[in-house]
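A short worksheet on the structure shown next.
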Amino acid sequence: MAKKVRIIRPPDDLRRRAVNATRGLNFDLTPEEIARIETAVHRSKDRFVSQVAEKLKALRALHLEAEAKPELRPAYLNQLRDDSLAIKGLGGTFGYSLVTAIAGSLNDFVLKRQSVDPPQLTVIRLHIDSIYVILARKAAALKPELEGELVASFRILTAKHA
């Protein structure tokens, strides 16, 4: 016999804290609060670029090792999964939607992969190099049609080498 579903209500004090403007988060932000948040995000943008650049530099070094030694490729793929997901998650926050799209493409490409062959390593390198170029040129945005073409090209490339 099936058991009845029982709904457990959260304690009222948690609900009050979640919506209380003095103790919890106020969802009606003032223009001053919005400006403060935007300033904080803008100041963090340079730090984001330098952190991603460091990740990409490390991935490039790992990539060269993985090309030379196939036994290192599974560990390299694990690192790629972690780093591409982190870059994907933060790119849009700092105005780099194209970085997010390319990092997402890379993450999708390596997500369930246990090994890669040389052509697939080339696909990975192209993703890494593209993100690096976008950040190096400080190109937070390209013309929308160019962004679309670039993302579509990566989609075709990853599908071809899936």
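The values are calculated or read from the model by the stated rules, or taken from the named source; none is laboratory data. Everything numeric in this text was worked out from a predicted model, so none of it was measured. Surface areas here come from the heavy atoms of the whole protein model, side chains and all, with no ligands, DNA or RNA. Shrake-Rupley method; radii C 1.70, N 1.55, O 1.52, S 1.80 Å.
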Legend entry - Where Rh is the Kirkwood radius over Cα pairs, Rg/Rh for segment 113-162: 1.03
Inset, instruction - Grab every C-alpha pair in segment 30-162, bin the distances at 5 angstrom width from 0 up to the longest one, and report whole percents. - result: 2, 10, 20, 22, 18, 12, 7, 4, 2, 1, 0, 0
Legend entry - More than 15 angstrom apart: percent of Cα pairs within segment 27-106: 64
Legend entry - Pairwise Cα inverse-distance average, inverted: Kirkwood Rh of segment 90-145 (Å): 12.0
Inset, instruction - Leaving ligands, DNA and RNA out of it, work out the accessible area of Ile124 with a 1.4 Å probe and give it in Å² to the nearest 10. - result: 0
Inset, instruction - State the percentage of accessible surface on segment 82-160 attributable to carbon and sulfur atoms; use a 1.4 Å probe and exclude ligands, DNA and RNA. - result: 60
